[in-house]
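The values are calculated or read from the model by the stated rules, or taken from the named source; none is laboratory data. Here the structure is a predicted model, which means the values were calculated and not measured. Note: ideal-geometry Cβ built from the backbone for every residue, glycine included; neighbour counts use all protein chains shown. Each accessible area value is taken on the protein alone, full model and side chains, heavy atoms only, with ligands, DNA and RNA left out. Shrake-Rupley method; radii C 1.70, N 1.55, O 1.52, S 1.80 Å.
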Amino acid sequence: MLSTTLNGQKQLVDYVSTLQGTNSSWDLSYGNVYPTIALPFPVHSWSPQTGKNGDGWKYTYKATTIRGFQQVHQCSPWMGDYGVFSLMPLTGELKVKEDERASAFKHENEIAKPSYYKVQFDNNITTEIAPTERAANMRFSFPNDDAFIVFDGYTKFCAVTIIPKERKLIGYVTNGTFIPKEFKNHFVIQFDQPFEEYGTWRAAGDTISAKSLSEEGEKCGAFLRFKKGVKLNAKIASSYISLEQAELNLKLELGKHKKFEDTHNAANKTWNELLGRVKVEGGTEDDKATFYSCLFRANLFSHKFYDLKEDGSPHYFSPYDAKIHDGYMYTDNGFWDTFRAQFPLSNILHPTMQGRYMQSLLDAQEQFGFFPTWSNPGMSGVMIGNHAISLLTDAWMKGIRNFDPEKVLKAYLHEATNKGPWGGSNGREGHEYWFSLGYIPYKEVSESGAKSLEYAYDDWCAYQLAKATGNKFYQNIFERQMYNYKHVFDTTVGFVRGRDKHGNWVPKDFDPVEWGDPFTEGNPWQWSWSVFHDINGLIKLMGGKDRFNAKLDSLFTAPNTVKYGSYKQEIHEMKEMILQGLGQYAHGNEPVQHAAYLYNYSGQPWKAQKQLREIMKKIYNATPNGFPGDEDQGETSSWYVLSALGLYAVCPGTDQYVIGSPMFDKITITMENGKRFVIKAKDNNEKNVYIKSAKLNNKDHQKNWITYQDIINGGVLDLEMSSEPNKQRGTGKDAIPFSVSLEN
C-alpha cells in the first residue's frame, strides 16, 4: 500500500524506510532505533514491539515475532521508555502473557513508512497504523476465527476501565525512570465494533478476570473479544494532562477522520510537505532513499510535550515541577548529541518551533532550577557538558530571539557554578576545580578531559551570547574560561589527555588509542579535535597547519586498534569504529563527527570534500544496517542531511555553515517563509567530489563557509565539481571559518 502520485511517480515519503538502523543490539548498533510511526516532532509515536516489556531494544530486525503495537516516546534504548502501553490482536485462544501472545511475521509481509505501518502475521491477522501528533488510527483485520485485542499496561502501574456501551477503553499508565511521581499518561481507545466478551488481567497475565470492567496495579491490562472475521478500527489518543484532554485530543485530531485512509492520507500529506522542503535532484535512487530516511529521523526529536486547548492555545504538564502550565514544552533529547547537527538543521527548517523551544528551556530551568541536558521526559544528568547554552546561543546568533538573553546568562552562571541533583551534566560537576585550576583534574572527577573540553566550548557560548547582547558583566566572566581547552592539551604528545590536580600529565603510560577515563566513550584520537570555537588555537597547539593536516590525515588512516582502558571490555562504539574501517575516526559517536570539516580551517579544503563523500557513501544507507552507530535523536541523521547538502555547523553559536561536498546535483531548500536556497553542483558524480569553483548569488565565493542569513534569505550557491582538487580555492586567510582567537 505504497502511496504514489497520479502519474505513478514516487512520493517522497515512499523513499523513507523506518526500518533503517533497526538491525541493532546492545553490543552492536546500526542505529538502535525502532520503526517509528509518527508525524514530525510528535507528542506520541508508535511502533511494533518485538522485545519484552521494559527492553530498550523494543524492535530488532532479526526478531521473528511481534508481541504488541506500542505507544512509544523512547529517545534511546539506553534511557528506556515511559508512558507506554500497547495493543495486540490475537485469533483463536486468548493469551495475554507477552511471550505467549507473540505472533510470527516475515519482513516481506511488512510495510514500514512514517505515515503508515502494515504487517500481516503468519496467522493472517493484519495490523495497520496511521499516526497523528497525539493520537493514532489502528486497523486490525482478522481471519474467520475468534478475534481478540489485548491491552497491555506495560511494566509499572496501570489503571484501565472497560466501557462496553461506548465501545471504549480508558485509563492511565505510569511508567518510566525520569518521571515525577505525579506523572500519568491518560489514554482513551475508541473502537468501532461492539465487544462480545471482555475482562481484565493482572500480575503480568497470571490472573485473568472475565467480565471484569476495571483493573489497576502493576503489570496489568484488559482484553476484548469481537465477532469472528472482523475488520476493526481503534482510534487512540492520550494526554499527560488529564483524561478529558485525551478525549479532546481524540476529537481534535481524529474526529473528522471517518475512515482509516483519512488518517493515513493526512499523515502522508504532512510528511510529503516537509520532505519536499528539501528537494534533491540527481544521485541514485539509493542515495535518495538514504537522504530522505535520514531527513525523516532528523525531524522526530525533540518530542512536543504540550496539548492544545479547545481554543488552540498550548498547555502542558511539566515533567520538571509536575504542575500544569500554559505555553510550549519539548522533551526527549540529549543535547550532548544533538547540539552539533540536529539543532543547527532545525534552525534552518523550523525557526518558529525553535523559538518556542528556546523559551521552553528557560521555563524548564525556572521550574527545576537547572537547564535540561537529557530529558526523558524529566530531568536527568546523562552524558556531560552544559549544552543548553549552545542551543540558546546558536538560536540567538541565527536571529531566533524571542527569549531574554539576560535570563539565559544568569541561569547559565548558576549552571556553571553549581552541581545539580542528577548526574554529570546536571549543573557542572567539578566546577570548583574549573574556576581555580582552569581544567577538571583527572580522577578527582570522572571523564575529566572530555568535561574540560566541553566546558570550554560552553563557556565560549555564554561569552558569545553576552558579547552579542552587549552584556559586559557576563562577557568578562566567561571570557576567562573559553581558552581552558589548552590546559588539557599536551604538546609533547600532540593530544589532549588527563591531568591531575597538581598539574601532572596522567596516566604516564599514555596511549592515544586507549578508551575511557579521562574521556567519554572515546579516546584522545577522537577527542583532540573538540575545540569547536577555536580551531585556529588548536592548529597552533598542534604545531601549525602542516602538522595539523598531517595529524588529521592520520586520524582517517591510522590502524583502527583499540585498547579498552577504563571500560575493561569492548563496548559497542569500539566495535563500530573497527567495522567502519576509517582509521581512528569513530563516526558512530559524536565527539569526532566534525573532524573531516576541519581541513577548511587549515588550508586544505579539498581533503574535506573527498573525505566527507567517502564517509557518506561508506557508512550510511537506508537498510536495517543503515547507521554507523547510535542514531541519537536525529543527530547522526542530521549530520548526513547537512553533509549531503554540502554544509555543516562546525561551531554552533556562530552563524556559519562550513562547506563540504554535496551528494546531489541540485538541492532546493524551501524556508518557512517560502524563500528558497538552491545548491547546484555542476558535473557532480562519485568521482567529481572536489569543488573547482563556487559562486554565491553569481559572485565568486572563496570562503569555506556561508551564513545562516545567506540560506534563509534565499539565493543560489553554484558549485562546479571536478575529479581533481583545486588547491588554490579556499586557501586564503579570509576563507577560514570562525575561530575566536582570530577575532581577539
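Values as computed for the structure displayed
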quantity	calculated
Total residues in the stretch 87-104, condition closer than 30 Å to Asn249 by Cβ and assigned to a strand (DSSP E or B)	5
Subset of the stretch 717-744 (residues that are in a loop (DSSP other than H, G, I, E, B) and of a type in the set (D, E, K, R))	Glu724, Lys727, Arg729
Within the stretch 105-146, considering residues that are assigned to a loop (DSSP other than H, G, I, E, B) and hydroxyl-bearing (Ser, Thr, Tyr), the one surrounded by the most Cβ atoms within 10 Å (Cβ to Cβ)	Ser115
Residue in the stretch 647-665 that is open to solvent by 30 Å² or more (accessible area, probe 1.4 Å) and under 18 Å from Ala289 (Cβ atoms) present	yes
Any hit, the stretch 599-609, residues being more than 21 Å from the chain's Cα centre (by Cα), within 30 Å of Thr469 (Cβ to Cβ) and either buried (at least 21 other Cβ atoms within 10 Å of the Cβ) or modelled with pLDDT of 95 or more (or both)	yes
Looking only at the stretch 281-326, and only at residues there that are assigned to a strand (DSSP E or B) and open to solvent by less than 10 Å² (accessible area, probe 1.4 Å), the one that is nearest to Asp683 (Cα to Cα)	His303
Residue identified as among the polar types (S, T, N, Q) and surrounded by 24 or more Cβ atoms within 10 Å (Cβ to Cβ) among Thr60, Thr22	Thr22
Count of residues meeting criterion [of a type in the set (D, E, K, R), over 22 Å from Gly449 (Cβ atoms) and without any contact (Cβ under 8 Å) to a residue 60 or more places away in the chain] in the stretch 554-597	0
Conditions (1) within 27 Å of Asp363 (Cα to Cα); (2) assigned to a loop (DSSP other than H, G, I, E, B); (3) without any contact (Cβ under 8 Å) to a residue 60 or more places away in the chain: number failed by Lys256	(1)
Condition check for Tyr690: farther than 29 Å from Ala456 by Cα, in contact with a Lys or Arg (Cβ under 8 Å, 6 or more places away or on another chain) and either modelled with pLDDT of 95 or more or open to solvent by 60 Å² or more (accessible area, probe 1.4 Å) (or both)	yes
Qualifying residue in the stretch 165-181 (condition: charged (D, E, K, R), under 24 Å from Lys62 (Cα atoms) and buried (at least 16 other Cβ atoms within 10 Å of the Cβ))	no
Test result for Tyr240, touching a Gly at 6+ places or on another chain (Cβ under 8 Å), surrounded by 18 or more Cβ atoms within 10 Å (Cβ to Cβ) and either within 30 Å of Asp311 (Cα to Cα) or not hydrophobic (A, V, I, L, M, F, W, C) (or both)	yes
Flag if Ala395 is open to solvent by less than 40 Å² (accessible area, probe 1.4 Å), in a helix (DSSP H, G or I) and closer than 16 Å to Gly427 by Cβ	no
Any pair with Cβ under 8 angstrom, 6 or more apart, that starts in the stretch 37-58 at a residue that is free of Cβ contacts under 8 Å to residues at least 12 places away in the same chain and within 24 Å of Gly276 (Cβ to Cβ) and ends at one that is open to solvent by 10 Å² or more (accessible area, probe 1.4 Å) and not in a loop (DSSP other than H, G, I, E, B)	none
Unique residue being part of a loop (DSSP other than H, G, I, E, B) and open to solvent by 30 Å² or more (accessible area, probe 1.4 Å) when the list is Asp546, Asp509	Asp509
Count of the stretch 194-216 residues which are open to solvent by less than 50 Å² (accessible area, probe 1.4 Å) and of a type in the set (Phe, Trp, Tyr)	2
In the stretch 701-716, the residues that are closer than 25 Å to Gln611 by Cβ, of a type outside the set (D, E, K, R) and assigned to a helix (DSSP H, G or I)	Tyr708, Ile711
Some residue of the stretch 217-229 being of a type in the set (Gly, Ala, Ser), over 24 Å from Thr126 (Cα atoms), out of contact with any helix residue (DSSP H, G or I) (no Cβ under 8 Å at 6 or more places or on another chain) and open to solvent by less than 10 Å² (accessible area, probe 1.4 Å)	no
Scan of the stretch 327-337 for residues that are in contact with a strand residue (DSSP E or B) (Cβ under 8 Å, 6 or more places away or on another chain) and either buried (at least 18 other Cβ atoms within 10 Å of the Cβ) or of a type in the set (Asp, Glu) (or both), ordered by number	Tyr328, Met329, Tyr330, Thr331, Asp332, Asn333, Gly334, Phe335, Trp336
Strands (runs of 3 or more DSSP E) lying entirely in the stretch 156-251 (those with 3 or more residues that are within 33 Å of the chain's Cα centre (by Cα))	157-163, 168-174, 185-191, 231-239
Evaluation of Gly423 against (1) surrounded by 19 or more Cβ atoms within 10 Å (Cβ to Cβ); (2) under 23 Å from the mean Cα position of the chain (by Cα); (3) outside any helix (DSSP H, G or I) (one fails), failing number	(1)
Residue in the stretch 486-502 that is open to solvent by 20 Å² or more (accessible area, probe 1.4 Å), outside any loop (DSSP other than H, G, I, E, B), over 18 Å from Asp517 (Cα atoms) and of a type outside the set (Gly, Ala, Ser) present	yes
Flag if Leu213 is within 24 Å of Ile129 (Cα to Cα), among the aliphatic types (A, V, I, L, M) and touching a residue at least 24 places away in the same chain (Cβ under 8 Å)	no
Residues that are assigned to a strand (DSSP E or B) and within 16 Å of the chain's Cα centre (by Cα), drawn from the stretch 51-86	Val72
Residues of the stretch 562-598 satisfying the condition of being in a loop (DSSP other than H, G, I, E, B), open to solvent by 20 Å² or more (accessible area, probe 1.4 Å) and on the phi < 0 side of the Ramachandran plot	Val562, Tyr564, Gln569, Glu570, Ile571
Filtered residue count, the stretch 35-86, keeping only those that are within 24 Å of Glu253 (Cα to Cα) and either of a type in the set (Ser, Thr, Tyr) or at pLDDT below 95 (or both)	5
